[in-house]
Amino acid sequence: MYVFLLSFKYLAKARSALFSIGGVLLGVAVVVVVMSVMNGYVVTFEAFIKGANSDLIVGPPRQSVLGNHYSQLREEILQVKGVTACAGTAEARADLLQAGKEIGTILVKGIDPDHEGDSGVLAKGLKQWRTLKTRFRKTAAPYPVFFGKSALGRGGLSMGDRIDLRFYRDDQDRTLAFQVAGLFSSDIKEVEALTCYIPLAVLQELYKMPNGVSRLQIAVAPGADHNRVRDRIDAALKGRVSVRVRQDHPDGNKPLFLDPGANLIVDEKTDRVLSAYSNLRQTILSVDGVAACAGSAESIALIHASGTQAATILVKGIDPVQEGAVGKFAEYLKDGITTREVFAKAPGGDPILVGAKLLGGGVVSPGDGVDLIFPVGESSQQAQSYSVTGTFSSGFHDLDSGVCYIPLDTLQEILGTPDTVSQINVAVKPGYDAQDVQQRLATALWGRAHVMDWSRHPGYQNKLLAVRNERTILLIVSMFVVVISGFVVMARLFLTVVDKTRDIGILGALGSTRRAIVAIFLVDGLLIGGVGAILGIAGGKLFVANLMQIASFIERTFNITVFSPRIYKFDLIPAYLSPTWTVSIGAVAILWTFLISLIPAALAARKNPVETLRYE
């Protein structure tokens, strides 16, 4: 009993105890706030992905769309045990215009109003969907369109306004087969996951641009002034092209498009393609200060490997002889092997060099075959008039500001793709295992469609993985605050041991065991940890509950942006911490203060009562 009384006495009379409790409180509060925001981001992002795509997604096995048999596919899917509903969607990019003035580009989604049901984004983000969906059956211009609330602010749009959507159609696609010649690695993850390299000649032939390139990238000799070399090149080419230092180029900070190691960039001023590449290159190489020069061509394509769904990728056609001398590309290849040597490893077809993280990583290996589907042919434009019929709010900024919805049959007619959809969203009946239903669907649609669950959506999988990794990293970093607060508790207990040396000697002389003396200081540490953890959890929860108000106050006071929906994708700062996480954070803090208290407690127990009283 006296152990607890002495612990309370030492804790109550020492002002330093307040600093120790404050340290634990601050550490726990920081972890609670950080993990609440990160957990909230993960949970909200997962909920958005699932809400936007339903439980299961049926997509095309190779092409960008499911062929012209949507109605038949839908009937087959509904026959599978465990499926409660399904609805198809189609997508297309379009220019948004009002009164002839272009406002911007928007993603247009065509939805099936009769089958959208309760699983779609509109049904969840629009309370009046059941009554307003009848407006989607209008078959004459102006056609109905639903915008997100954030999108209505673009160009001053409001309910009932007339707008135009200008679509672009590619007359045809062309599929080319490639053989994986090798894998490359890059410290820039988006390059590793979203880029592939093929011989420049393949793209030149595909797009009928012999000896043409999109741009030339130049390596300046060490010690040479980049601006002076740029001026010399501009003079040598007589101003026919645009020559810019990489930092001044619009894509200068986009490693996906420009090699971060290239010094100068040469573009065509007007046309998309630079012609007479060979002559241009020779002229540039003759300029004083130029070390190397390589041209490249680019195209967006769909890549398909066996057993995967088609995904969008940036294809770069490179000069296998010259590319390695410019920028960091040579570092992407292992063991000093050259591009020419890698491309020579694909005798069975056109070579392709893909990133180690392509399609999530581990999907393709050297020697595998992949298909690239390129948009080719002339593009045609088609504009239609629409009337803003309603608004929706999903809470996800990109969706609310960059997407609009129109009737599926309208978009199919515009694109010339009757009974065709991009994907079919499938809702699983309550009580059924989604994985089992996925297997049944995959069996029923074998060879005709690719079935995946919402968490494997190619557009969100990598983002979701990145957010989860960020959560883990921030948890580790924020826990260091708790670790430091534990050392504050230890320092305070060391001071207590020194200050109470006489009391320790008297207790020993009266017959107290070493275990009892250890217990006094351990209870002291536990009390500090327990009180600090409880107050820290309460303080953290209070902070999180008023997070948006605090962020707004900081923005107004210091004129800075704390939370940008455009960057973080959500209209509000998401925050959620489950009771399990909350208890775990508090328990870890208390356990740490208990363990760190063992050191001063053991020091107190080792004191000799006789020696202690002799010098006190």
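The values are calculated or read from the model by the stated rules, or taken from the named source; none is laboratory data. As the structure is a prediction and not an experimental result, all values here were calculated from the model. Glycine also receives a Cβ, built like all others from the backbone with ideal geometry; neighbour counts cover every protein chain displayed. When the accessible area is computed, the model is the full protein with side chains, heavy atoms only, and any ligands, DNA or RNA have been set aside. Shrake-Rupley method; radii C 1.70, N 1.55, O 1.52, S 1.80 Å.
Below is a table of values for the structure above.
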item: Filtered residue count, region 35-58, keeping only those that are open to solvent by less than 40 Å² (accessible area, probe 1.4 Å) and either of a type in the set (S, T, Y) or at pLDDT below 75 (or both); result: 8
item: Selection within region 66-96 - more than 21 Å from E413 (Cα to Cα) and not in a loop (DSSP other than H, G, I, E, B); result: E75, E76, I77, L78, V83, T84, A85, C86
item: Test: R166 is out of contact with any Ser or Thr (no Cβ under 8 Å at 6 or more places or on another chain) and either part of a helix (DSSP H, G or I) or over 30 Å from I103 (Cα atoms) (or both); result: no
item: In region 208-240, residue least open to solvent (accessible area, probe 1.4 Å) [restricted to those that are more than 36 Å from the chain's Cα centre (by Cα), in contact (Cβ under 8 Å) with a residue 12 or more places away in the chain and farther than 13 Å from G289 by Cβ]; result: L237
item: Residue within region 18-34 that is more than 30 Å from L445 (Cβ to Cβ), part of a helix (DSSP H, G or I), touching a strand residue (DSSP E or B) at 6+ places or on another chain (Cβ under 7 Å) and modelled with pLDDT of 70 or more present; result: no
item: Residue in region 425-434 that is part of a loop (DSSP other than H, G, I, E, B) and surrounded by 17 or more Cβ atoms within 10 Å (Cβ to Cβ) present; result: no
item: Where A519 falls short, out of the listed (1) under 14 Å from R606 (Cα atoms); (2) open to solvent by 40 Å² or more (accessible area, probe 1.4 Å); result: (2)
item: Test for T472: is it at pLDDT 80 or above and surrounded by fewer than 17 Cβ atoms within 10 Å (Cβ to Cβ); result: yes
item: Residues being more than 12 Å from A92 (Cβ to Cβ) and open to solvent by 40 Å² or more (accessible area, probe 1.4 Å) - total across region 414-424; result: 2
item: Breaking point among (1) at pLDDT 70 or above; (2) within 30 Å of Y405 (Cα to Cα); (3) assigned to a helix (DSSP H, G or I), for K133; result: (1)
item: Check on W446, over 22 Å from the mean Cα position of the chain (by Cα) and at pLDDT below 85; result: yes
item: Residue that is nearest to I300 (Cα to Cα) [pool: residues in region 187-196 that are touching a residue at least 60 places away in the same chain (Cβ under 8 Å) and open to solvent by 10 Å² or more (accessible area, probe 1.4 Å)]; result: L194
item: Check on V488, more than 24 Å from I57 (Cβ to Cβ) and either part of a loop (DSSP other than H, G, I, E, B) or at pLDDT 90 or above (or both); result: no
item: Checking F329 against (1) touching a helix residue (DSSP H, G or I) at 6+ places or on another chain (Cβ under 7 Å); (2) open to solvent by 50 Å² or more (accessible area, probe 1.4 Å); (3) modelled with pLDDT under 80, the condition it does not meet; result: (2)
item: Residue satisfying condition, being of a type in the set (S, T, Y), farther than 29 Å from Y41 by Cα and open to solvent by 60 Å² or more (accessible area, probe 1.4 Å), within set T557, T513; result: T513
item: Single residue of region 59-108 satisfying the filter (at positive phi and under 32 Å from the mean Cα position of the chain (by Cα)) that is modelled with the highest pLDDT; result: G82
item: Residue count, region 374-413 (criterion: at pLDDT below 75, under 15 Å from D95 (Cα atoms) and outside any strand (DSSP E or B)); result: 2
